[in-house]
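**Student:** Dropping the structure in here first, questions after.
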Amino acid sequence: MKKTLPLAVCLIMGILMIVQFFVPHPVSLRFNSMILNWVIVLSAFALVLAIGNLIMYHGNRIRRRQPGWIYSIVTLAGMTAMAGIGLAWGVDPDSLFQKIFLHVLTPLGATMFALLAYYMASAAYRSFRARSLEATLLLLAAFVVMIGFMPFGQYLGRWFPAFAEWIMLVPNMASKRGIQFGVAFGAIATALKIILGIERSWLGGKE
């Protein structure tokens, strides 16, 4: 019963949501609106569980003095401070909460994304080595696109930037849509496995 009931609820709700997507009836639209409201309520409960899990995880790291436990203190202190400031002074555009978000968290996020550029450059260096025909074509395409979209590409002829744009709009778009089709079919297959009870990892355990 512990797993049968969640599987039954998942099966019924999955079928109902699929049917309502293809049936634009007022009853179906009201049902979808009601489910979205329930999702918001459940998300609030999930947020409480996530905060509790965060506190337990970092609390254990601090208590056991695991490597990097000082960062756990910073994490819990930052979460507590932001929650307290938001509850005390609100989250209006001119509030202290928004000022901390804009002047502390946003620059930190920009720094993290800036560090990703070095990893991207390293990955591009490894990928663009002409070790095979596919790698050579990838290298040539990348070279043409980079030069074509630079001001220097205009001096090579008017056809060069146009050819670089054609690579982005035709071969690149075709491969991108192929990847999107693969992702979509994979998502559909995974959803069907969950709805039909074939995939049960979300219930916990190894089954």
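**Student:** What's the whole-number percent of alpha carbon pairs in region 1-103 lying beyond 15 angstrom?
**Tutor:** 77 percent
**Student:** Do any trypsin sites (Lys or Arg not before Pro) in region 1-36 lie in a DSSP loop with no more than 11 other beta carbon atoms within 10 Å, and if so, which?
**Tutor:** Those that pass, being in a loop and sparsely packed, are K2.
**Student:** Span-like helices, the chain: DSSP H, alpha-carbon axial extent 27 Å or more, mean Kyte-Doolittle 0.5 or greater, which ones?
**Tutor:** 4-22, 26-63, 69-89, 106-127, 171-195
**Student:** Just check the chain against the gyration tensor rule for me: Cα atoms, a ≥ b ≥ c as the square roots of the eigenvalues, rounded for a/c under 1.5, and otherwise prolate or oblate depending on whether a/b exceeds b/c.
**Tutor:** oblate
**Student:** Taking a cut-off of 11 Å, what percent of all Cα-Cα pairs in region 148-198 are separated by more than that?
**Tutor:** 72 percent
**Student:** Got the relative contact order for the chain handy, in percent, Cα pairs under 8 Å and 6 or more residues apart?
**Tutor:** 17 percent
**Student:** Here is a further query. I'd like to know which of N53, S122, V145 lies farthest towards the positive end of the charge dipole of the chain, counting +1 on Cβ of Lys and Arg and -1 on Cβ of Asp and Glu.
**Tutor:** N53
**Student:** Something else about it: Which value in deg cm²/dmol, rounded to the nearest 500, describes the helix-derived mean residue ellipticity at 222 nm for the chain, given -39,500 (n - 2.57) per DSSP H run of n ≥ 4 and division by the residue count?
**Tutor:** It comes out at -26000 deg cm²/dmol, rounded to the nearest 500.
Any read-out appearing in this document is the output of simple, stated calculations on the displayed coordinates, not a laboratory observation. Source: prediction; values computed, not measured. Using ideal geometry, Cβ is built from the backbone for each residue, glycine included, and neighbour counts are taken over all protein chains shown.
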